[in-house]
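To start, the structure itself, in structure tokens.
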Amino acid sequence: MHRFRFVLWRPLQLLPVLFGISVITFVLIRSIPGDPARLLLGTRATPTALAKIRAQYGLDEPLWTQYLYFLQNLSQGEMGRSIVFKIGVLDLMANRILPTVLLVVGSVILSLLITVPLASLAARNRGRTVDHAIRLVSTAGLGLPAFWLGIMLIILLSVNLGLFPVAGFGDTWLDRLHHMVLPCLTVALALSAVLTRNLRASMIAEMASDQATAARARGLPERVIFRRHVLPNSLVPTINLLAVNIGWLIGGSVVVETVFSLPGLGQLLVRGIFARDYMVVQAIAMAFAVATVLINFLADVLTVAIDPRIRL
Amino acid sequence: MRRRTIHALALVTLLAGSVLGSSLALAEGGVLTIGRREDGTTFDPIKTAQNVDFWVFMNVHDVLVRVDRTGKELVPGLAESWEMSPDGLTYTFKMRDAKFSDGSPITAEDAAFSILRIRDSEESLWSDSYQVVKTAEAKDDRTLVVTLNAPSAPFLASLAMPGVSVLSKAAIEADEIDFGEMPVASGAFKVKEWIRGDKVVLERNPEFWEADKVKLDGVEWISVPDDNTRMLKVQAGELDAAIFVPFSSVAELEKNPDLTVHKDPSTREDHLLLNHEHPALAKKEVRQALDFAIDKQAIVDTVTFGVGEVANSYIPRGALYHNEDNLQRPYDPEKAKQLLAEAGESDLTLNYLVEAGAQTWEQTAVLIQEQLAKAGVTVNLQKVDPSTAWDIEVAGEYDLAENYWTNDVIDPDQKTTFVLGHDTNMNYMTRYNNPKVKELVDQARVEMDPAKREALYKEIQVIAKDDVHWIDLYYSPFVNVSRKSIENFYQNPLGRFFLEDTVKN
């Protein structure tokens with residue numbers, strides 16, 4: 001059996017997962033108390049006005065009928081219409097997807113740029129002051145809430161030093177990259193705190209492994225051993241950890257997007273939840289779930305590519 | 001470097017202008033950037049009841065009758081003049097010679113269409129408020145005739161509500177959904193671009209009938225949801241202005257020499273709802289006792305950092321027919337105790353519904369809990385999310401709850417009807433019921449003589465206060481901030497920004 005064969009059949013497993021997610025998101029958002037019609041109309045709403053809105057969005061139908069409509073829409077590639085924004089949910093999401101994607105991708109790249117050198121430094125100086133310092137900082141990084149860290153970075157780097165824009169998304173590509181640095185850094189600092197400790201531990205394990213010892217016996221310099229044997233092998237668990245954390249990362253985008261006023265999906269999700277905009281919440285939850293599943297799948301492919309011994 | 005050159009240029013122009021003393025207008029213009037909490041939802045005025053939408057399209061859509069800067073007077077908008085028939089049933093409007101942003105004339109036909117649409121459309125959130133309209137017809141291009149089912153003193157004021165803005169019939173009939181995204185404008189600005197969730201970009205509408213008055217080239221409404229970030233953006237000069245300044249930031253922003261903090265009078269009143277169906281709260285003396293037991297000044301000082309002021313009537317100070325001499329019960333916990341004892345309610349326990357996440361309301365709840373404890377009343381706080389709170393209030397399963405109201409129209413009838421004279425929402429969920437007040441409310445609605453109406457509303461305020469239909473807590477202004485380079489950034493009590501007057505230097 002070819003080792004990449006799972007690439008073909010694995011996506012099929014996605015279908016039942018997606019179905020499960022659709023049921024869960026549908027039921028969850030509706031089980032939160034609250035009425036979208038009332039939230040839309042406010043406290044002055046009259047009973048007739050409320051009834052009209054409910055009828056318009058099919059909210060007065062039994063739950064299972066509503067779910068069938070949802071599935072029917074879904075099978076036609078439709079997600080329904082937003083109660084708050086009066087336009088199709090997919091149109092709404094299409095406008096908001098870019099900031100979130102940039103945030104997630106940028107944070108991952110930035111966190112790897114922080115993690116790999118720090119972890120290497122710590123592992124190669126195990127037990128020394130550098131190692132202790134790096135571990136201490138990463139433990140502290142774990143405890144800092146994103147909204148606080150974000151505001152601190154803004155005050156320090158934007159308001160006082162004027163290096164970056166305070167918040168927003170920018171208009172041109174260059175401008176956007178400039179705007180994305182601080183939000184990505186906020187996420188990356190927290191993420192690399194987790195990754196550094198993990199990578200450092202697996203590097204230390206790899207440095208004591210048989211192949212590293214054998215390489216040392218062949219007289220290879222420590223620098224070469226580290227680059228050829230230790231680093232690739234210790235990356236595997238870190239990539240998997242990163243993939244597991246993708247759900248956390250996407251969830252975290254909700255907070256970071258709010259602090260930096262990035263017009264992304266996370267912000268839309270929060271607003272959707274507060275307004276009980278069912279269609280919007282369902283669609284974004286589905287999108288986030290699919291992204292998480294796909295990225296984990298990608299991580300598996302990458303793992304197999306890096307380490308030929310692994311079979312899935 | 002370039003910036004400096006421009007400054008120098010501006011200075012030269014300024015000097016040249018002042019030296020020559022000529023009538024040449026200075027190179028004005030510029031785009032005003034305003035930060036706000038949330039992005040809007042639509043530009044179709046009948047489909048929204050939210051300030052995030054109203055406040056923006058008050059400068060995109062014009063109305064027949066406008067509210068002036070003070071928020072107390074009606075002034076001509078797209079209607080140049082109007083006349084009411086002696087029986088109060090027919091209004092004839094003379095339309096101004098004006099154009100939509102697409103160059104087509106604004107006709108009486110468009111105005112009639114807009115009034116009937118808010119009354120009849122399936123998607124209208126406001127149809128209840130315009131049921132009084134019987135017919136709306138264009139006699140000719142410039143003459144609009146509206147007939148009513150019954151005389152209505154507040155009718156004219158209701159035409160100033162942004163929901164009933166004059167819209168292009170042709171544009172809406174062509175594509176209603178598209179209109180909500182990219183409307184044809186009749187106001188000072190038109191929509192240039194709307195990046196959902198990010199910003200609304202407006203540009204000057206050259207066809208606007210007062211276009212020569214407008215100084216700005218455009219306005220950008222930018223959503224910056226986090227309060228701290230929004231304030232920091234103005235401080236860093238990335239925004240010209242920001243709205244929804246938290247009370248807690250006012251003092252700090254006022255210290256900044258580059259900024260102006262605006263406290264423009266609003267019609268917002270925060271009040272404490274009382275459930276009149278609760279056996280103890282059904283007694284007038286108990287409600288009065290609670291009013292004596294609450295130290296409103298302490299709430300103003302703590303919760304609004306002194307920005308607000310103690311309220312004495314359900315009609316706020318900035319609004320038409322406010323009764324300045326209305327009773328203001330002093331803070332007197334001993335008197336409260338005594339009243340409670342007389343009513344046989346010395347051992348009272350009440351359930352206070354608090355909306356989670358609304359910081360000022362959570363603080364107020366804790367203060368009131370402490371204050372009532374001093375009068376011997378035990379208060380249990382029940383924290384729920386906003387939507388659930390409304391459901392509970394509507395169902396009447398609460399004893400106390402804080403809420404607020406801002407006026408959409410200059411006329412007091414709307415609020416008065418909802419709060420004191422209505423039956424479908426149980427007088428704003430309080431279940432307050434006084435037939436005498438209801439009668440006065442109905443009478444005031446059809447009284448066409450302003451002096452007599454004022455007397456009626458003053459009487460209503462006195463009775464409502466005596467009955468303690470709810471407890472008036474405080475009035476608060478609209479708190480906005482702008483950079484010193486911005487002039488005439490002003491919001492009237494009904495929430496309209498007079499951006500046609502705003503100057504960016």
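The values are calculated or read from the model by the stated rules, or taken from the named source; none is laboratory data. In this text, all values refer to a predicted model and were calculated from it rather than measured experimentally. Here the Cβ positions follow ideal geometry from the backbone for every residue, glycine too, while neighbour counts run over all protein chains shown. Calculation scope for accessible area: heavy atoms of the full protein, side chains included, ligands and nucleic acids excluded. Shrake-Rupley method; radii C 1.70, N 1.55, O 1.52, S 1.80 Å.
Suppose we filter B:Asn488, B:Asn403, B:Asn433 for residues that are surrounded by fewer than 23 Cβ atoms within 10 Å (Cβ to Cβ), modelled with pLDDT of 90 or more and within 14 Å of chain A (Cβ to nearest Cβ); which single one remains?
None of the other options fit; the residue is B:Asn403.
Have a look at A:Leu163, A:Leu156, A:Leu136 and point out the one that is assigned by TED's automatic domain parsing to the domain that holds A:Thr238, open to solvent by 30 Å² or more (accessible area, probe 1.4 Å) and in a loop (DSSP other than H, G, I, E, B). Working first, answer last.
Numbers: A:Leu156 fails: in a loop (DSSP other than H, G, I, E, B); A:Leu136 fails: in a loop (DSSP other than H, G, I, E, B).
One residue alone meets the criteria, A:Leu163.
Exactly one of these conditions fails for B:Ala79: (1) within 23 Å of B:Glu173 (Cβ to Cβ); (2) surrounded by fewer than 22 Cβ atoms within 10 Å (Cβ to Cβ). Give me its number.
Of the numbered conditions (1) within 23 Å of B:Glu173 (Cβ to Cβ); (2) surrounded by fewer than 22 Cβ atoms within 10 Å (Cβ to Cβ), the odd one out for B:Ala79 is (2).
Please verify whether B:Thr147 is of a type in the set (S, T, N, Q) and within 28 Å of the chain's Cα centre (by Cα), treating the condition exactly as stated. Quick ask: steps written out before the conclusion?
Working: of a type in the set (S, T, N, Q): yes; within 28 Å of the chain's Cα centre (by Cα): yes.
Spelling it out, B:Thr147 is indeed of a type in the set (S, T, N, Q) and within 28 Å of the chain's Cα centre (by Cα).
Check region A:295-308 and report whether any residue there is surrounded by fewer than 23 Cβ atoms within 10 Å (Cβ to Cβ), closer than 20 Å to A:Pro99 by Cα and assigned by TED's automatic domain parsing to the domain that holds A:Val104.
yes
If I go through region A:32-47 residue by residue, how many of them are more than 7 Å from chain B (Cβ to nearest Cβ) and surrounded by fewer than 18 Cβ atoms within 10 Å (Cβ to Cβ)?
Residues meeting the conditions: 1.
Is at least one residue of region A:125-133 more than 14 Å from chain B (Cβ to nearest Cβ), within 25 Å of the chain's Cα centre (by Cα) and either open to solvent by 60 Å² or more (accessible area, probe 1.4 Å) or in contact (Cβ under 8 Å) with a residue 60 or more places away in the chain (or both)?
No, region A:125-133 contains no residue that is more than 14 Å from chain B (Cβ to nearest Cβ), within 25 Å of the chain's Cα centre (by Cα) and either open to solvent by 60 Å² or more (accessible area, probe 1.4 Å) or in contact (Cβ under 8 Å) with a residue 60 or more places away in the chain (or both).
When you go through (1) crowded, with 19+ Cβ neighbours inside 10 Å; (2) farther than 30 Å from A:Pro237 by Cβ; (3) over 17 Å from the mean Cα position of the chain (by Cα) one by one for A:Leu90, which number turns out not to apply?
(1)
Out of A:Val224, A:Val290, which single residue is open to solvent by 40 Å² or more (accessible area, probe 1.4 Å), more than 14 Å from chain B (Cβ to nearest Cβ), of a type in the set (Val, Ile, Thr) and out of contact with any strand residue (DSSP E or B) (no Cβ under 8 Å at 6 or more places or on another chain)?
Details: A:Val224 fails: open to solvent by 40 Å² or more (accessible area, probe 1.4 Å).
Among A:Val224, A:Val290, only A:Val290 is open to solvent by 40 Å² or more (accessible area, probe 1.4 Å), more than 14 Å from chain B (Cβ to nearest Cβ), of a type in the set (Val, Ile, Thr) and out of contact with any strand residue (DSSP E or B) (no Cβ under 8 Å at 6 or more places or on another chain).
Going by the structure shown, is B:Glu109 in contact with a helix residue (DSSP H, G or I) (Cβ under 8 Å, 6 or more places away or on another chain) and open to solvent by 30 Å² or more (accessible area, probe 1.4 Å)?
In short, yes.
Within region B:431-453, restricting attention to residues that are of a type in the set (D, E, K, R) and without any contact (Cβ under 8 Å) to a residue 40 or more places away in the chain, which residue is farthest from B:Lys283 (Cα to Cα)?
B:Asp449
Can you pull out the strands (runs of 3 or more DSSP E) entirely within region B:183-239 that have at least 2 residues that are open to solvent by 40 Å² or more (accessible area, probe 1.4 Å)?
Result: B:189-195, B:199-204.
Can you tell me which residues in region A:267-277 are assigned to a helix (DSSP H, G or I) and crowded, with 24+ Cβ neighbours inside 10 Å? Working first, answer last.
First, pick out the residues of region A:267-277 that are assigned to a helix (DSSP H, G or I): A:267-274.
Correct list: A:Gln267, A:Leu268, A:Leu269, A:Gly272.
Go through the residues of region A:9-31 one by one and say whether even a single one is assigned to a loop (DSSP other than H, G, I, E, B), surrounded by 14 or more Cβ atoms within 10 Å (Cβ to Cβ), within 14 Å of chain B (Cβ to nearest Cβ) and not aromatic (Phe, Trp, Tyr).
No: zero hits.
When region B:112-140 is examined, which residues are found to be more than 23 Å from the chain's Cα centre (by Cα) and not β-branched (Val, Ile, Thr)?
Those that are more than 23 Å from the chain's Cα centre (by Cα) and not β-branched (Val, Ile, Thr): B:Ala112, B:Phe113, B:Leu116, B:Asp120, B:Ser121, B:Glu122, B:Lys134, B:Ala136, B:Glu137, B:Ala138, B:Lys139, B:Asp140.
Give A:Leu189, A:Leu231 a once-over and let me know the one that is in contact with a Gly (Cβ under 8 Å, 6 or more places away or on another chain) and assigned to a helix (DSSP H, G or I).
From the options A:Leu189, A:Leu231, the qualifying one is A:Leu189.
Condition (residue is assigned to a loop (DSSP other than H, G, I, E, B), crowded, with 17+ Cβ neighbours inside 10 Å and under 19 Å from the mean Cα position of the chain (by Cα)) applied to region B:321-344: is it met by at least one residue?
yes
May I ask you to list the residues in region B:379-400 that are in contact (Cβ under 8 Å) with a residue 40 or more places away in the chain and either open to solvent by less than 10 Å² (accessible area, probe 1.4 Å) or within 12 Å of chain A (Cβ to nearest Cβ) (or both)?
Of everything in region B:379-400, those that are in contact (Cβ under 8 Å) with a residue 40 or more places away in the chain and either open to solvent by less than 10 Å² (accessible area, probe 1.4 Å) or within 12 Å of chain A (Cβ to nearest Cβ) (or both) turn out to be B:Glu393, B:Tyr398, B:Leu400.
Which residues, taken from region B:182-193, are in contact (Cβ under 8 Å) with a residue 60 or more places away in the chain and within 14 Å of chain A (Cβ to nearest Cβ)?
B:Met182, B:Pro183
So B:Ile299 passes all but one of these: (1) open to solvent by less than 10 Å² (accessible area, probe 1.4 Å); (2) within 14 Å of chain A (Cβ to nearest Cβ); (3) modelled with pLDDT of 95 or more. Which condition number does it fail?
(2)
So that you can scan it fast, the table gives a plain yes or no per residue for (1) under 29 Å from the mean Cα position of the chain (by Cα); (2) not in a loop (DSSP other than H, G, I, E, B):
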{"site": "B:Leu273", "(1), (2)": "yes, yes"}
{"site": "B:Pro279", "(1), (2)": "no, no"}
{"site": "B:Gln297", "(1), (2)": "yes, yes"}
{"site": "B:Ile315", "(1), (2)": "yes, no"}
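List the pairs whose first member sits in region A:238-260 and is more than 14 Å from every other protein chain (Cβ to nearest Cβ) and within 10 Å of A:Pro183 (Cβ to Cβ), whose second member is surrounded by fewer than 19 Cβ atoms within 10 Å (Cβ to Cβ) and modelled with pLDDT under 85, and whose Cβ atoms are under 9 Å apart, counting only residues at least 6 apart or on separate chains?
Final answer for the pair search is none.
Which residue is nearest to the chain's Cα centre (by Cα), if the candidates are limited to region A:166-179 and must be open to solvent by 10 Å² or more (accessible area, probe 1.4 Å) and among the aliphatic types (A, V, I, L, M)? It would help to see each step written out before you state the result.
Filtering region A:166-179 for residues open to solvent by 10 Å² or more (accessible area, probe 1.4 Å) gives A:168-179.
After this cut, where a residue has to be among the aliphatic types (A, V, I, L, M) as well, the list is A:174, A:177.
Numbers: A:Leu174: 23, A:Leu177: 18 Å.
It comes out as A:Leu177.
Out of curiosity, is A:Ile109 of a type outside the set (D, E, K, R) and within 11 Å of chain B (Cβ to nearest Cβ)?
Values: of a type outside the set (D, E, K, R): yes; within 11 Å of chain B (Cβ to nearest Cβ): no.
Taking the combined requirement at face value, the residue does not satisfy it.
Is it the case that A:Gly141 is at pLDDT below 90 and within 11 Å of another protein chain (Cβ to nearest Cβ)?
no
I need a count of the residues in region B:164-181 that are more than 12 Å from chain A (Cβ to nearest Cβ) and of a type outside the set (Val, Ile, Thr).
Number satisfying all stated conditions: 9.
Collect the residues in region B:30-55 that are open to solvent by less than 10 Å² (accessible area, probe 1.4 Å) and more than 14 Å from chain A (Cβ to nearest Cβ), keeping them in residue-number order.
Of everything in region B:30-55, just one residue is open to solvent by less than 10 Å² (accessible area, probe 1.4 Å) and more than 14 Å from chain A (Cβ to nearest Cβ), namely B:Leu32.
Here are some residues: B:Ser482, B:Ser476. Which one is farther than 30 Å from B:His278 by Cβ, open to solvent by less than 30 Å² (accessible area, probe 1.4 Å) and of a type in the set (Ser, Thr, Tyr)? Talk me through it step by step, then tell me what you get.
Values: B:Ser476 fails: farther than 30 Å from B:His278 by Cβ.
Going through B:Ser482, B:Ser476 in turn, the sole match is B:Ser482.
Within region A:149-178, count every residue that is touching a residue at least 12 places away in the same chain (Cβ under 8 Å) and either more than 16 Å from A:Val255 (Cα to Cα) or away from chain B (no Cβ under 14 Å) (or both).
6
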